[in-house]
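Notes to accompany the following structure.
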Amino acid sequence: MKYYFHMSSSYDPWYNLAADEYFQNTMRGDFVVLYLYINQNAVIIGKNQNAWKECNLDSMNRDGVKLVRRTTGGGAVFHDIGNLNFSFHANESNYDLEKQIRTILTAVQDLGIQAEFSGRNDITVEGKKFSGNAFSIKKGNYLHHGTLLIDTDLTRLENYLNVSEQKIRSKGIESVRSRVCNLKDYNPDITVDDMVAALKKAFEKQYGKPEEFVFPEGAEEEINELYQRHASWEWRLGSAMQFDYETEHRFPWGGVELLLSVKDGRINKVEMYTDALDTELPVVIKNALTGSRFNSEEMWEKLRKHSSSEQISDMADYILSLRL
């Protein structure tokens, strides 16, 4: 069994996310990796979000803020050097979400702050969120990564996002801001370096003394290939296409933007954007609806036959309510 620790020396978000993906793609055997990194001036969006619609790209370009698309689901976040990011990588037998969360909580508590795990993917202090988490499985390797807001500028995300009216109604900008906090609010002396040291200590307490991870020969070449994809226009933005029908709705588990192209009464192209945590949801929707008649009843039936998950059932019922 091997335990590894690695702190990135780069502030480039495309490099740090490329290295994160490298760990998930290449690690083999019995292992747990704690990988830490800091991204400077970046908006990080979920794998299935529509950057053209979500982001104010002109403002981001003006301020030198990079657009980054991660491989996991969820919504958009702003990263600066007051935010520390963590990633746990493990094979199936050693992946333990409870233990991983305990590592984070122990580190925060050792710095004099009482935190707790809340809901599906948040870590909070007194009900205020300072850490959001996301997850994926790839090639048998599990990834759990998230943010730790230590001393970040909580107002800047609003400068770079085009927040939908539905999101404003369901959450409210002011209420969202009031539910987010920096750890510095609870310990004014805390620094990012303090949190790095506390996480390394807590990781050793939970797992055992880690080795400093050293990238093997050839790794930088692989990471550079991943970097080129993360930095590419195609991965980050793709193309803004025209569709015959578009609808948006916000469910309890996330917002959805559904776009359909119709020919001869049948759906021949489906695109779906969402900040839901389930990264496979758009694939399921596309497979179910492609080829269906552009008719609410048939679309409802196709979706319900394809899957009985809560998200698919909600989508099916919503489409039925549209009476197309």
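The values are calculated or read from the model by the stated rules, or taken from the named source; none is laboratory data. Quantities reported herein were computed from a predicted structural model and do not represent experimental measurements. For neighbour counting, all protein chains shown are included, and Cβ atoms are generated from backbone atoms with ideal geometry for every residue, glycine included.
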Within the stretch 207-324, helices (runs of 4 or more DSSP H) holding 3 or more residues that are under 24 Å from the mean Cα position of the chain (by Cα): 219-231, 233-236, 281-289, 310-322
Gly46 of a type outside the set (A, V, I, L, M, F, W, C), closer than 15 Å to Phe78 by Cα and in contact (Cβ under 8 Å) with a residue 12 or more places away in the chain: yes
Close pairs (6 angstrom Cβ cut-off, 6 or more residues apart or separate chains): outside the structural domain of Asp278 (by TED's automatic domain parsing) and surrounded by fewer than 17 Cβ atoms within 10 Å (Cβ to Cβ) in the stretch 294-317, at pLDDT 95 or above and of a type in the set (Phe, Trp, Tyr) anywhere: none
Count of the stretch 96-134 residues which are crowded, with 19+ Cβ neighbours inside 10 Å, modelled with pLDDT of 95 or more and over 16 Å from Lys184 (Cβ atoms): 4
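Would you confirm whether any residue within the stretch 225-234 is modelled with pLDDT under 95 and either among the charged types (D, E, K, R) or over 20 Å from Tyr273 (Cα atoms) (or both)?
Yes; the residues of the stretch 225-234 include at least one that is modelled with pLDDT under 95 and either among the charged types (D, E, K, R) or over 20 Å from Tyr273 (Cα atoms) (or both).
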Hits in the stretch 288-317 - residues which are touching a strand residue (DSSP E or B) at 6+ places or on another chain (Cβ under 8 Å) and closer than 16 Å to Asp278 by Cβ: Gln311, Asp314, Met315
Residue identified as at pLDDT below 95, not in a loop (DSSP other than H, G, I, E, B) and not acidic (Asp, Glu) among Phe5, Phe88, Phe78, Phe23: Phe78
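Mind checking whether some residue in the stretch 72-80 is free of Cβ contacts under 8 Å to residues at least 24 places away in the same chain and among the acidic types (Asp, Glu)?
no
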Test: residue in the stretch 45-62 that is surrounded by 19 or more Cβ atoms within 10 Å (Cβ to Cβ), over 18 Å from the mean Cα position of the chain (by Cα) and under 17 Å from Leu237 (Cα atoms): yes
Long-range neighbours under 7 Å by Cβ, at least six apart or interchain, first residue more than 15 Å from Gln40 (Cα to Cα) within the stretch 128-155, second among the charged types (D, E, K, R): Lys128/Arg179; Lys129/Asp122; Lys129/Arg179; Ser131/Asp122; Gly132/Asp122; Gly140/Glu92; Tyr142/Glu92; His145/Asp20
Within the stretch 144-200, considering residues that are assigned to a loop (DSSP other than H, G, I, E, B) and of a type in the set (Val, Ile, Thr), the one modelled with the lowest pLDDT: Val163
Asn39 in contact with a His (Cβ under 8 Å, 6 or more places away or on another chain) and either in a loop (DSSP other than H, G, I, E, B) or modelled with pLDDT under 95 (or both): yes
